[in-house]
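Before any comments, here is the structure.
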Amino acid sequence: MNSLNSSNTLLIKQPKDGYRYSIEPFLIADFAKLYSEHRLLDIGTGCGIIPLLITIQIDLKEIVGIEIQKSLYDLAVSNISNNGLSNRVRLIHGDFIKTTIDDDNQSFDIIVSNPPYRKLNTGRINPKHEKAIARHELSITLEALIKKADKLLKHGGTFCMAYPPTRLNEVQKKLYSHKLFPSRIRFIHGSPDAEARIFLIEAVKRHQVDCIIEPPLFVYNDDGLYSKKMEKIYASFNYHSWTDHLKEE
């Protein structure tokens, strides 16, 4: 197994002006329940941030990331290679809905995604193409995402993703319609007195259980500093984000 770079710190390059990851990948990587025998698929891997973070946590059987945008896919390939993790993460460039992920029809134990949140005709579409595809449902809808993910999951496998609370009911209904039963939900708040901005949800394929609402996570304290929980999450991933030399083409 290849190791990380000599400093044992993840070095993550991302565009300076194009689409850049935010807090969600760290929250998803922390939220997902992972076991060493798992095969994991990350839908819309971007610069490879979620697979990279997961390699810090656990040595999975296989990690696969798929990305539709060539510029971000190329960046993910570079990030995985530069961190010496090419034999632990397999990357695919393509449209998740149209691309064959596994020729041998193997199924995944867990699928994660930080998908575009916004429906078409809601809000201003960003003029920068990378950001537009990442934020609006231009290349994939919630229904299409869940339908394809269901096909690729093992019986009893889990699907985890981040979404805004305004679409919670819609997400739950679509998961149920594909017999993906919500098992855990965690609401993410900017501060203790702020409304939730994100929720994380885990659903289990063909196995209905009681859905646990986990304690809310507050990113910041009232004083504007990171909460202890958020500090702990960031500290669990030894990483350095490198952006200065990159510019969107």
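Can you list residues from other chains, or at least 5 along the same chain, whose modelled amide H is less than 5 Å from the amide H of I198?
Close amide H contacts, sequence-distant or interchain: I188.
Taking H as built 1.01 Å from N, whose amide H comes closer than 5 Å to the amide H of H38, not counting residues under 5 places away?
Answer set, sorted by chain and number: K61.
So if I place +1 on the C-beta of Lys and Arg and -1 on the C-beta of Asp and Glu, and nothing else carries charge, what would the dipole magnitude of the stretch 1-89 be about its Cα centre? I want it in debye, nearest 20. If you can, show how the numbers build up before the last one.
Working: 8 positive and 9 negative charges, 23 e Å.
Around 120 debye, computed over the stretch 1-89.
Each residue of the stretch 215-231 in order: what ³J(HN,Hα) in whole Hz does its phi give by Karplus 6.51 cos²θ - 1.76 cosθ + 1.60, θ = phi - 60°, with x for Gly and Pro?
Rounded to whole hertz, the list is x, x, 10, 9, 5, 10, 7, 4, 7, x, 8, 4, 5, 4, 5, 5, 4.
Tell me which of F96, Q57, G46 sits at the most positive position along the dipole axis of the stretch 33-239, charges placed on C-beta atoms (Lys, Arg +1; Asp, Glu -1).
F96
Filter K16/K228; K61/K179; K151/K173; K147/K232; K151/K174 down to the pairs with a C-alpha to C-alpha distance above 24 Å, please. Before the final figure, lay out each step's value.
Numbers: K16/K228 29 Å; K61/K179 26 Å; K151/K173 17 Å; K147/K232 34 Å; K151/K174 14 Å.
Flagged as over cut-off: K16/K228; K61/K179; K147/K232.
What dipole magnitude, in Debye to the nearest 20, does the stretch 33-239 give about its Cα centre under +1 on Lys/Arg Cβ and -1 on Asp/Glu Cβ? Before the final figure, lay out each step's value.
Values: 29 positive and 24 negative charges, 96 e Å.
So the dipole magnitude of the stretch 33-239 works out to roughly 460 debye.
Apply the Karplus parameterisation 6.51 cos²θ - 1.76 cosθ + 1.60, with θ equal to phi minus 60°, to every residue of the stretch 57-63 and state each ³J(HN,Hα) to the nearest whole Hz, in sequence, with x for glycine and proline.
Those phi angles translate into 7, 7, 8, 7, 4, 7, 10 Hz.
Under the rule of at least 5 residues apart or a separate chain, name every residue whose amide H is placed under 5 Å from the amide H of I12.
When sequence neighbours closer than 5 places are left aside, the close amide H contacts are H240, S241, W242.
Taking 4 °C and 1.567 mPa s as the conditions, I'd like the Stokes-Einstein D for the stretch 33-239 in µm²/s, using the Kirkwood hydrodynamic radius from alpha carbon pairs.
On the way: Rh = 18.0 Å.
Diffusion coefficient, whole number: 72 µm²/s.
So what are the ³J(HN,Hα) numbers for the stretch 75-88, from phi and the Karplus equation (6.51, -1.76, 1.60; θ = phi - 60°), rounded to whole Hz, Gly and Pro as x?
5, 4, 4, 5, 5, 5, 5, 5, 9, x, 10, 5, 8, 10
Only the coordinates and a few stated rules stand behind these numbers; no lab work does. Just so we're clear, the structure is a prediction, and the values are computed from it rather than from any experiment. Please note: Cβ atoms are built from the backbone with ideal geometry, for glycine as well, and neighbour counts cover all protein chains shown.
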